[in-house]
Structures are given as C-alpha cells and as structure tokens.
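Quick note: the coordinates plus some simple rules give every number you see, no bench work behind them. Bear in mind that the values here come from a model prediction, so they are computed numbers and not experimental data. Cβ: placed from backbone, ideal geometry, glycine included. Neighbour counts: every protein chain shown.
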Amino acid sequence: MRRISFSTAGESHGRGLVAILEGIPAGLTLEMVKHVDPDLVRRQGGYGRGRRMQIESDQAEVISGIRLGETIGSPISMLIWNKDWENWTQAMSPEKPDPDGNPKALRSLYLPRPGHADLVGLLKYDRRDTRDILERASARETAARVACGAVCRRLLEVFGITIGSHVTSIGSIEANVPDVLPTNLNESVNASALRSLDPDATTRMKKAIDDAKRNGDTLGGVFEVVATGIPAGLGSYVTYDSKLDGRLAGAVMSIQAIKGVEIGAGFSGAFKPGSEVHDPIVTDKNAKKSGGIGRKSNRAGGLEGGVTTGSPLVVKAAMKPISTLRKRLPSIDMRDGSVADAAVERSDICAVPAAAVVGEAMVALVLADAFLEKFGGDSINEITRNFDSYVQHLDKRGYGER
C-alpha cells in the first residue's frame, strides 16, 4: 500500500488485539460507536459461528490519532479487548510457567490440523506446541483489520463511495442473485442469517450447515463485495504493482481461509468469446465520475487495465471450509512422530458471512489507499478540493477535447 498502511498484533486468546492505521488525513469526523463498532458487530454474526462469538462483544478503544471526534493526521491506534482472556490467563501468560503447576492449564497442542497454519508454522518457527502458531494464525485477528477498514470506509463515504457484501453460496448451495443489486446492499442483507439476498437459498444453506455440524464437518462458500460511487481513474496500468485489481486480489486473498479471488466475471469469462465478455462503451449523462461515459454492462467488475472505470467494483472470494473438524483428520504427534488424529479447537462450522465483512474491510483499505494516491492531501478539505476539481474536469472535458 502506498498512502495508507496498517498493522495488527495480538493472539486469539491473548489480552486483546491491536490495530495501527497510518495515512488517514486530518479533519475526518470519526466516532467509534457510530463508524467502527457496527462493523465489528457484523463480523461476529452469521449462522454457523461458534461459542466464542457468544463470549466476545467487540468494541474498539481509541489510543491515539483522534481528538474531539476528528482525526488529527497522526497514526490511529485502537485496542479490541478479548473477554475470553480471563479463561486463558495461564495458557497465554507471557511469564514462564510455574514448574509445579498443572500442565493441562497451558492448553498445549501437538497434533497439527490439515489445512491450518499449524504444521507449516511449527516447521518455520522451530516450535513444537501448535498453540504458538494457531493463536496468531487464527481468524480472530481479522477483528483488528475490520476496525482499520471501518475507518477507511468512513473516509470513502465522505466522497460518495459505499461498500457492501453478500454471500452467493454456501457449500454447493447457490443463491439466486438479482441482476440489479439493492442500492443499500448491506441494509438488505444484514437481517439475513447468512447475508444472502435469496431467502429460499438461506433456508437451504442453514440446513446444510446443520448437517455439517451433525457430521462433525465444516462448510465454505463464496461472497461478493461491491463498491459503488468510485470515480474513473483509481489505480494504474503503468507498473505491475500499481494495478488495482492485483492490489485488491492480494488484500482479499490475505484473509484467512480465502483460496480464490475474482474481479467481475472472473473465471467464467475465460470460457466465453470476447463479444460476450467485454462491456460496450456508451454515453451516460448520469456518469459524472467518469466523464459522462459508461458501460452497457459490468462484466469487467469496474476495472479495466488495473484502473477503475466508474462502474461498480465487484470482487468475489472463495472461502474454504474451516480447518477444525470434529470428525478429525489424520495427523502426526509432533512430540514423537506417532500417527494420531488432528487436534480439535473450539471453532465455527461456517464463517462465510463473517468473512464477507472482512472482505469489505480489505477492499475499503485498498480503495482508500488508491483514492489518496490520486487525490491525496494532508486534510479532508485539501482532498475535497482535489477531488471536486477532478470530477468537474471530467464533467466538462467533452469527447476529444484536451
């Protein structure tokens, strides 16, 4: 990332998570309760979540970067406390264990789970107890990402850019997605237990999750993130690392358990002729942010050549099933190399709806970075002048004029 950077720290059952976000300009009105905490709540939801979500009630506590309800240009740091820490004080203590204590209190695990970071982490960091790996590799870390993404969402909203998501499939069950999505996508799906636009599919998805739970199994799925109101011209085609589709794909792919990312038609476009894939260019008087020029369709997903077109940005992600199975898969005991079944940690059966919210956060971070790269300034007022000037230029430019 070029104008914005963020980092997270903390373990799943440690005292809490830390999020540090740099590059947000001064003068952005920002309230945790109004702009950040609601996204943290959404991340905790979804049918198929585990008991951990009944313990936590995530809220972001500001440490720096905000004064009197506005950003001041310095790094924004936030804390999200883990309530479950009270039950893990011995297992996650930074101090050496009591040699006379009960070893079970340390909750050590030596049976890595297939599909998780357990084994590769043990090998990479020369550890034996998978607790040292899984605590940081856990998707609990995404709560800190969502907090950072929520701040970026707030920045983008000032300039008319909105981001939402919905689940398109759970396991083999696909939702019937309308050709035209609701204007307020999140408002339409937040009441759904699976963030789906298809009530009938939601019922079948819930049953599939119940069946998986009964069988000691887990389910993955696909979600779609949609951003609207984006001006043409974010990103670039001139270097490989400035292409916005690559930046988005990398960010979304970094989410735990995500194994595939598509922009627009994605893989399906590879099986069709160009006449059925590319979007015809048309005049559109309402397309103020793209110079009165639009697209007849949006199979490109709002990006051409790594640059935004002004059409909605559409990013899809495929999430694999959670790695912790009650129906345990074969593994190896790292203490002696004997064959054994993998360990079982408290976990979800399905977390695709939550992953969709994390996907929104990652898209928001990348878009905010590209937005500031194009219109950057030290304050909201300066950025607004730059942005308004650009949009006015597009609107008055005309066809063929320079």
Applying 1/(1 + (r/R0)^6) with R0 = 35 Å to the Cβ-Cβ distance of residue 296 and residue 236, what FRET efficiency is obtained, to the nearest 0.05? 0.90
I need to check one value: relative contact order of the chain, counting alpha carbon pairs closer than 8 Å and at least 6 residues apart, in percent. 23 percent
Near the amide H of residue 331, under 5 Å away, which other amide H atoms are found, from residues 5 or more places off or on another chain, if H is placed in the peptide plane? 340, 341, 342
Rounded to the nearest 20 Debye, what is the dipole magnitude of the range 1-149 about its Cα centre when Lys and Arg each give +1 and Asp and Glu each give -1 at the C-beta? 480 debye
10 Å-binned pair-distance histogram of the range 257-402 (Cα, whole percent): 9, 24, 26, 18, 11, 7, 3, 0
Which FRET efficiency value, to the nearest 0.05, is calculated for residue 83 and residue 388 with the Förster distance at 56 angstrom and r the Cβ-Cβ distance? 0.80
Taking amide hydrogens as modeled 1.01 Å from N in the peptide plane, which residues meet the under 5 Å criterion relative to residue 50, leaving out close sequence neighbours? 348, 349
Could you work out how far apart the two model spin labels at residue 379 and residue 31 are, taking each label as a point 7 Å from the Cα in the direction of the beta carbon, and quote it in nm? 2.3 nm
Report ³J(HN,Hα) in whole Hz for each residue of the range 354-363, in order, from the Karplus equation J = 6.51 cos²θ - 1.76 cosθ + 1.60 where θ = phi - 60°; Gly and Pro get x. 5, 4, 4, 5, 5, x, 4, 4, 5, 5
Sorting check: for 266-275, 329-338, 103-112, which peptide has the highest mean count of neighbouring beta carbons within 10 Å, and how do the rest follow? 103-112, 329-338, 266-275
Tell me the mean residue ellipticity at 222 nm calculated for the chain from its helices only (DSSP H runs of n ≥ 4, each -39500 (n - 2.57), averaged over every residue, nearest 500). -9000 deg cm²/dmol
Residue 125 label point, 7 Å along Cα→Cβ, cut-off 20 Å on backbone N: hits in the range 1-37? 7-20
Convert each backbone phi in the range 56-65 into a coupling constant with the Karplus relation 6.51 cos²θ - 1.76 cosθ + 1.60 (shift: θ = phi - 60°), then list the ³J(HN,Hα) values in order as whole Hz, x for Gly and Pro. 7, 9, 4, 9, 9, 10, 7, 9, 7, x
Within straight-line cross-link reach of residue 259, lysines at Cα separation under 17 Å, skipping those fewer than 8 residues along the same chain: 316, 320
Using Cα pairs closer than 8 Å and at least 6 residues apart in sequence, work out the relative contact order for the range 1-98, in percent. 36 percent
Based only on Cα atoms, what mean projected area does the convex hull of the chain have, in nm²? 22.2 nm²
Quick one: check the C-alpha center-to-center distance for the range 296-371 versus the range 122-183, whole angstrom. 7 Å
Only residues of the range 335-369 count here: report those whose backbone N is under 18 Å from the spot 7 Å along Cα→Cβ of residue 254, or say none. 355-369
DSSP loop GluC sites (Glu not before Pro) in the range 217-294 with at most 16 other Cβ atoms within 10 Å of their Cβ, which ones? none
Taking θ as phi - 60°, what are the ³J(HN,Hα) couplings along the range 381-396 by the Karplus curve (6.51, -1.76, 1.60), each to the nearest whole Hz, with x for Gly and Pro? 4, 5, 5, 4, 4, 5, 5, 4, 4, 5, 5, 5, 4, 4, 5, 9
